[in-house]
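Peer 1: The structure is given below, and queries will be raised subsequently.
The values are calculated or read from the model by the stated rules, or taken from the named source; none is laboratory data. This structure is a prediction, so every number in the text was calculated from the model and none was measured. Methodologically, a virtual Cβ is constructed for each residue, glycine included, from the backbone with ideal geometry; neighbour enumeration extends over all protein chains shown. Side chains included, ligands, DNA and RNA excluded: accessible areas come from the protein's heavy atoms. Shrake-Rupley method; radii C 1.70, N 1.55, O 1.52, S 1.80 Å.
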Amino acid sequence: MKQRSSKARPARPKAGNKRRRDAHKDAEGRVHLTVHRDPASGNERVALRSPVFQEAWQNDVAAATANTAYAVLRGEPSVDGAIELARNAMAATSRLAAGLLARAPGGAVACRAGCDHCCYQSVGVTPPEALAIADHLKTTLSDAALARVTRRVSECRDRTRDLPSAERFSPDHPCPFLESGRCSIYEVRPLSCRGMNSLDAGECATRLRDPDARAAFLARGLGGRSFMEPIRAFQAISAGLQLGLSELFRLDMRPLDLTAAMHLLLTGPESLADAWIRGERPFEPARGADQGKDPGLGAPIEALGLARGRDP
Ligand code: SF4
């Protein structure tokens, strides 16, 4: 694993204004979180007002993630705090997914290092994940390596800019972070990539490479043979992160297309992250051609209809 280099990350300003601690309604007038104060200890705890998942353990995980978000960002939200949260969520998703995968029957899960069939599609990320990936690249890569990655991301962005997610799912459009069949940002890969798994690598290969099989898969929506528990874990953590930041801090947490978001962060102004933490919507151009609603790894979270953030 690559170590963080000594490249200094400049200190970023905090948002500068304290946010209300009550949960805010989303664009549809719903509110999912509530903040309880224990009168004896004075401690505050974030809870779901009502379940957002059918599985009780997913609701517990989502609430715990929202609690962590509240604890880390309370007072003055900062870009560094959001990156810390994304790193927390990434580690928690991997831990949970690994524990769940260990319960699968021996040999059932087909995913192996070097197997990359699922890395040829639009990948959904939240802004904190995108910020954590950009921070990782900027603090660990040499200037020459960063320029190479930026070029690859820009080329991929040019090729895929107007493609809906269904057309992005193609052997012609590898993720720009896929290098020689391996993920070059494995340490900070998106939450969705951590939950994804397959029970049949042959099915994955056919689905990607055979146009008829691909068309049939896309007509069905997400429906490959997978061990669902790690995917549910990713959904719960992502939902807790999205709800926590959007309802408690009024940040825009709608899913983004990974390539588009990284293009913005690697080629756009440094002030973009600060604009987001102030509650603005600088990631709007990275929402993807179909707003993340079609197949793609971000689809399950968008389908929950969570975290649409503040109306402009
Ligand atoms: S980020 Fe990594 S794991 Fe995810 S699609 Fe890209 S190459 Fe694959």
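Peer 1: Out of the stretch 195-246, which residues are of a type in the set (Ser, Thr, Tyr) and out of contact with any Ser or Thr (no Cβ under 6 Å at 6 or more places or on another chain)?
Peer 2: Once the filter is applied, which keeps residues that are of a type in the set (Ser, Thr, Tyr) and out of contact with any Ser or Thr (no Cβ under 6 Å at 6 or more places or on another chain), the stretch 195-246 yields Thr206, Ser238, Ser246.
Peer 1: Among the residues in the stretch 139-155, are any buried (at least 16 other Cβ atoms within 10 Å of the Cβ) and either touching a Gly at 6+ places or on another chain (Cβ under 9 Å) or closer than 21 Å to Arg225 by Cβ (or both)?
Peer 2: No, the conditions are met nowhere in the stretch 139-155.
Peer 1: Continuing with this model, one more query. Condition first: of a type in the set (Phe, Trp, Tyr) and either open to solvent by 60 Å² or more (accessible area, probe 1.4 Å) or within 21 Å of Arg194 (Cα to Cα) (or both). Can you find one or more residues in the stretch 61-79 that meet it?
Peer 2: No, the conditions are met nowhere in the stretch 61-79.
Peer 1: Does the stretch 243-255 contain any residue that is under 21 Å from Gly288 (Cβ atoms) and within 16 Å of the ligand (Cβ to nearest atom)?
Peer 2: Yes - at least one qualifying residue is present in the stretch 243-255.
Peer 1: Whether any residue in the stretch 84-94 is within 13 Å of the ligand (Cβ to nearest atom), touching a residue at least 24 places away in the same chain (Cβ under 8 Å) and at positive phi is what I want to check.
Peer 2: No, every residue in the stretch 84-94 fails to be within 13 Å of the ligand (Cβ to nearest atom), touching a residue at least 24 places away in the same chain (Cβ under 8 Å) and at positive phi.
Peer 1: Follow-up question, since we're still on this one. Step by step: first the residues of the stretch 178-195, then only those that are surrounded by fewer than 22 Cβ atoms within 10 Å (Cβ to Cβ) and part of a loop (DSSP other than H, G, I, E, B), then the one that is farthest from the ligand (Cβ to nearest atom). Which residue is that?
Peer 2: Ser180
Peer 1: Residue by residue through the stretch 156-165, note down the ones that are in a helix (DSSP H, G or I) and surrounded by fewer than 20 Cβ atoms within 10 Å (Cβ to Cβ).
Peer 2: Asp158, Arg159
Peer 1: Further question: Report, ordered by the first and then the second residue, all pairs with beta carbons closer than 6 Å, sequence separation of six or more or different chains, a first member in the stretch 184-207 that is touching a residue at least 40 places away in the same chain (Cβ under 8 Å), and a second member that is of a type in the set (D, E, K, R) and open to solvent by 50 Å² or more (accessible area, probe 1.4 Å).
Peer 2: Here the result reads Leu199/Arg225; Asp200/Arg225, each pair linking the stretch 184-207 to a residue that is of a type in the set (D, E, K, R) and open to solvent by 50 Å² or more (accessible area, probe 1.4 Å).
Peer 1: Continuing with this model, one more query. From Cys115, Cys111, Cys119, which residue is under 15 Å from the mean Cα position of the chain (by Cα), within 11 Å of the ligand (Cβ to nearest atom), under 17 Å from Ser226 (Cα atoms) and open to solvent by 10 Å² or more (accessible area, probe 1.4 Å)?
Peer 2: Of Cys115, Cys111, Cys119, the one residue that is under 15 Å from the mean Cα position of the chain (by Cα), within 11 Å of the ligand (Cβ to nearest atom), under 17 Å from Ser226 (Cα atoms) and open to solvent by 10 Å² or more (accessible area, probe 1.4 Å) is Cys119.
Peer 1: Now for a different question. Could you list, in sequence order, all residues of the stretch 196-206 that are assigned to a loop (DSSP other than H, G, I, E, B) and either away from the ligand (no atom under 15 Å from the Cβ) or not polar (S, T, N, Q) (or both)?
Peer 2: Correct list: Met196, Leu199, Asp200.
Peer 1: Further question: Condition test on Arg168, is it under 24 Å from Pro127 (Cβ atoms) and either within 16 Å of the ligand (Cβ to nearest atom) or surrounded by 15 or more Cβ atoms within 10 Å (Cβ to Cβ) (or both)?
Peer 2: It is true that Arg168 is under 24 Å from Pro127 (Cβ atoms) and either within 16 Å of the ligand (Cβ to nearest atom) or surrounded by 15 or more Cβ atoms within 10 Å (Cβ to Cβ) (or both).
Peer 1: Can you say whether Pro10 is modelled with pLDDT of 85 or more and assigned to a loop (DSSP other than H, G, I, E, B), as far as the supplied structure shows?
Peer 2: no
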